[in-house]
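Some notes on the structure that comes next.
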């Protein structure tokens, strides 16, 4: 270790230290007092450094409040999202009440125990315990203690901070897997504020390279700071096709959210939607998909944002690198339902349909040459059913009909469009004959993950299960299996009428 010396003005008096040994040669009380004062400062400094090193040599720090004995209750599920700054007390009470007296776990990557007393004793909601776990690195995700606390929690709250820490620490780890399992199997309630809200959607802004402003995003939709991801992370079905944004009014982030949607529509032909909250506003979503908005002032607002399904084609006019965004369509490219929060959360929006709400107002947003425009608008009216009019239609469920089904996709898809299964091995259960009467391309993800049409008609049916007919019609099949799983039919499973050009690319199977 390196020696250091201290020499007072009186040259007769001097001290030196070597490592942990301090030798003092003094000849007056004044020198002794001065030396002792400096020694105390050195010891305090060394203790502070050592304590910090001790804390961060651990993978996490835990702060516990309440009953140390775990209890098991029956939480009632739901999602609570807050835009940042100060929490809304009424929304937080909603969150805690849905834990049904159980254990609350706060996960964060910075800060300390600021939520413990607030949640445990200041809001008047009975809970068994509140524990905050601050993860210092990704290794905390593999710690048995952290994992056990997730398995015991009836509610999990994500604090604010840096969402890239949350993504990089928890994605593809036991933490994410256990949280998803807890939501699916134990119906826990989940929520977060600021960065904690930003990670909840099926699509999420990672902020991996730093935070992007609206001006930067609108002027260049492919700016290096526009980092939107949809790799599997937190899997919450009602917002699986949603990206969230926070601190929406400080600074104004409307432009960047519109850019997130425009890029996804352009790159993936996918009708991504968004939920955004101003600071101190909160959105609480129950298990029926009704989003209630809480707030205590006029500026505490939430925004439900989606591409305008009233348009025949909602693709951005100009969405290119280093080029200002134009997503205009006569000022109607994006429909927004704006809701002001109140004490009771009585103003709502229906996330099952994305078509109606109460207590809010409709607006039209658009971007022209990198400038965001906002106007009052009429309620959304979809031109093609419960879907956004994109070139590609995605199949989300196995139903014979209804939103997300193969039949609905066929109704919505335009001429020369594409129908695609959104998940591997997703099956369409056909119980009524299906007619293909448009130029359409239909495909699964790839050879290993084909889309499956399961025919479940009875044997008295007098028409083919899949009938392809129409003059000058071209139907392309790729990575599709058409299989009769019901009784034998009196007619072929698939019939191709005269005048139809049927193109088979790869991975196509038809079995009676």
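The values are calculated or read from the model by the stated rules, or taken from the named source; none is laboratory data. This is a predicted model, so every value here is computed, not measured. Positions of Cβ are backbone-derived with ideal geometry, glycine not excepted, and every protein chain shown enters the neighbour counts.
Below is a table of values for the structure above.
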{"quantity": "Only listed residue being within 15 Å of the chain's Cα centre (by Cα) and assigned to a helix (DSSP H, G or I), chosen from 207, 176, 215", "calculated": "176"}
{"quantity": "Test: residue 462 is modelled with pLDDT under 70, outside the structural domain of residue 269 (by TED's automatic domain parsing) and more than 35 Å from the chain's Cα centre (by Cα)", "calculated": "yes"}
{"quantity": "Residue 101 being assigned by TED's automatic domain parsing to the domain that holds residue 69, surrounded by fewer than 21 Cβ atoms within 10 Å (Cβ to Cβ) and not in a helix (DSSP H, G or I)", "calculated": "yes"}
{"quantity": "The stretch 252-268: number of residues that are without any contact (Cβ under 8 Å) to a residue 60 or more places away in the chain and surrounded by 21 or more Cβ atoms within 10 Å (Cβ to Cβ)", "calculated": "4"}
{"quantity": "The stretch 299-328, residues that are out of contact with any strand residue (DSSP E or B) (no Cβ under 6 Å at 6 or more places or on another chain), modelled with pLDDT of 95 or more and surrounded by fewer than 22 Cβ atoms within 10 Å (Cβ to Cβ)", "calculated": "299, 319, 320, 321, 322, 323, 324"}
{"quantity": "The lone exception for residue 209 - which of (1) modelled with pLDDT of 95 or more; (2) in contact with a strand residue (DSSP E or B) (Cβ under 8 Å, 6 or more places away or on another chain) it fails", "calculated": "(2)"}
{"quantity": "Strands (runs of 3 or more DSSP E) within the stretch 230-343 that include 1 or more residues within 19 Å of residue 375 (Cα to Cα) and over 17 Å from the mean Cα position of the chain (by Cα)", "calculated": "301-307, 334-340"}
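Residues checked against (1) free of Cβ contacts under 8 Å to residues at least 60 places away in the same chain; (2) crowded, with 22+ Cβ neighbours inside 10 Å; (3) closer than 18 Å to residue 365 by Cα; (4) in the same structural domain as residue 161 (by TED's automatic domain parsing):
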{"site": "219", "(1), (2), (3), (4)": "no, no, yes, no"}
{"site": "231", "(1), (2), (3), (4)": "no, no, no, no"}
{"site": "236", "(1), (2), (3), (4)": "no, no, no, no"}
{"site": "250", "(1), (2), (3), (4)": "no, no, no, no"}
{"site": "270", "(1), (2), (3), (4)": "no, no, no, no"}
{"site": "276", "(1), (2), (3), (4)": "no, yes, yes, no"}
{"site": "284", "(1), (2), (3), (4)": "no, yes, no, no"}
{"site": "287", "(1), (2), (3), (4)": "no, no, no, no"}
